[in-house]
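One structure below.
The values are calculated or read from the model by the stated rules, or taken from the named source; none is laboratory data. All values derive from a computational prediction rather than experimental measurement. Neighbour counts are summed over all protein chains in view; Cβ atoms, including those assigned to glycine, are modelled from backbone coordinates with ideal geometry.
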Amino acid sequence: MARPRGKIDVVCQNPECQYYLKEEGKDIIKRGKDARTSHQRYYCKHCTKFFMETKGTPLFYKHLSEKEIITICKHFVEKNGIRSIERLTGHHRDTIGRLLTDVAEHAAKMNDILIEELDLSPIECDEFWSFIKKKQKNVVKESSEPDFVGDAWTYTAIKRKSYFIISFAVGKHKQATCNVMMNDLYERIKLPDPQSKLEIYTDGNDQYLTSLNALYANPCVNYGQLIKVRKKGRVEEKYKIAVIGEPPLSKIETTDVENSNGILRERVGRLVRKAKTFSKLKPKLESALDIFQFYWNFMNEFKKKSTPGMIEGIIGLTRND
């Protein structure tokens with residue numbers, strides 16, 4: 001008598017199969033292991049196709065071992081640039097660059113799946129400066145430079161207290177970049193109503209106000225700004241204003257998002273000031289941020305051995321998972 005099959009957690013990876021990525025109705029069995037990598041091989045009885053357990057992950061079709069890939073990924077979130085990882089691991093920078101893109105693509109998909117219907121706890125937004133390839137003063141107008149060089153601003157939105165990174169966008173300091181980030185934020189939180197309002201706090205940048213007015217009705221929002229008065233580059237005065245609704249003045253702060261942006265500068269090598277690890281291409285910077293967003297939210301132990309994702313009630317991973 002044949003023994004019953006154990007539970008198989010994978011789904012079919014063939015896009016042409018009617019059960020592609022579907023859990024219900026799947027019929028998959030194990031079919032040995034790959035001789036080189038020792039990865040499990042599976043067979044879908046519906047489409048009669050074989051696939052590896054690494055299909056659909058950054059490990060698929062890689063000559064590097066799983067251990068080496070994990071090591072490189074750890075370097076991505078610990079301030080190292082591609083060339084420094086090349087020196088540390090002995091792998092060519094082109095290999096590391098391709099892995100950065102593949103891991104980021106997977107991280108972005110996981111972020112889209114896991115970050116949805118977030119509770120309407122207070123949110124803070126801010127933006128910070130960096131540059132791509134060269135500083136703005138060195139950019140020659142109407143030259144043959146790539147489409148995006150010079151100033152690059154990263155707009156971020158986080159949950160207060162948990163430091164959960166909800167959304168980010170990279171671009172020029174323009175309304176369009178703010179809109180991209182705010183639209184992503186809109187897709188990832190619950191829809192507010194007059195009884196359960198969205199609480200959101202920023203500095204004096206009115207780009208956020210324009211985006212909020214386009215996305216939400218005023219009765220559903222409590223929005224406050226912390227205005228900073230600068231003289232010769234230094235903050236000399238701060239004051240708080242309620243812009244939409246009636247947010248308590250005591251709650252109008254941007255301390256957490258400013259700390260979060262400081263962490264990004266410390267941990268993402270491409271954002272470190274006065275260093276040679278700055279990005280030469282915008283997609284590479286976005287890839288580095290996608291990876292860090294997933295790592296920070298779901299793997300990094302933030303408070304009392306809990307990830308920000310755990311604090312927000314989302315299933316989280318730890319370093320040992």
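Give the residue, chosen from Asn80, Asn111, that is under 30 Å from Leu209 (Cβ atoms) and surrounded by 14 or more Cβ atoms within 10 Å (Cβ to Cβ).
Of the residues listed, the single one that is under 30 Å from Leu209 (Cβ atoms) and surrounded by 14 or more Cβ atoms within 10 Å (Cβ to Cβ) is Asn111.
When you scan the stretch 90-102, how many residues do you find that are touching a helix residue (DSSP H, G or I) at 6+ places or on another chain (Cβ under 6 Å) and among the β-branched types (Val, Ile, Thr)?
Looking only at that region, the number is 2.
For (1) surrounded by fewer than 20 Cβ atoms within 10 Å (Cβ to Cβ); (2) touching a residue at least 60 places away in the same chain (Cβ under 8 Å); (3) of a type in the set (D, E, K, R), each residue gets a yes or a no:
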site	(1), (2), (3)
Pro248	yes, no, no
Ile252	no, no, no
Gly262	yes, no, no
Val272	yes, yes, no
Pro283	yes, yes, no
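Determine whether the stretch 184-207 contains at least one residue that is over 30 Å from Phe278 (Cα atoms) and of a type in the set (Gly, Ala, Ser).
The answer is yes; a qualifying residue exists.
Among the residues of the stretch 208-231, is there at least one that is over 19 Å from Leu185 (Cα atoms), modelled with pLDDT under 90 and out of contact with any Lys or Arg (no Cβ under 8 Å at 6 or more places or on another chain)?
There is at least one residue in the stretch 208-231 that is over 19 Å from Leu185 (Cα atoms), modelled with pLDDT under 90 and out of contact with any Lys or Arg (no Cβ under 8 Å at 6 or more places or on another chain).
Considering only the stretch 293-316, state which residues are touching a strand residue (DSSP E or B) at 6+ places or on another chain (Cβ under 7 Å) and within 22 Å of Lys79 (Cβ to Cβ).
Gln293, Trp296, Asn297
Quick test for you: out of Thr95, Thr57, pick the one residue that is at pLDDT below 90 and either of a type in the set (S, T, N, Q) or under 30 Å from Tyr186 (Cβ atoms) (or both).
Of Thr95, Thr57, the one residue that is at pLDDT below 90 and either of a type in the set (S, T, N, Q) or under 30 Å from Tyr186 (Cβ atoms) (or both) is Thr57.
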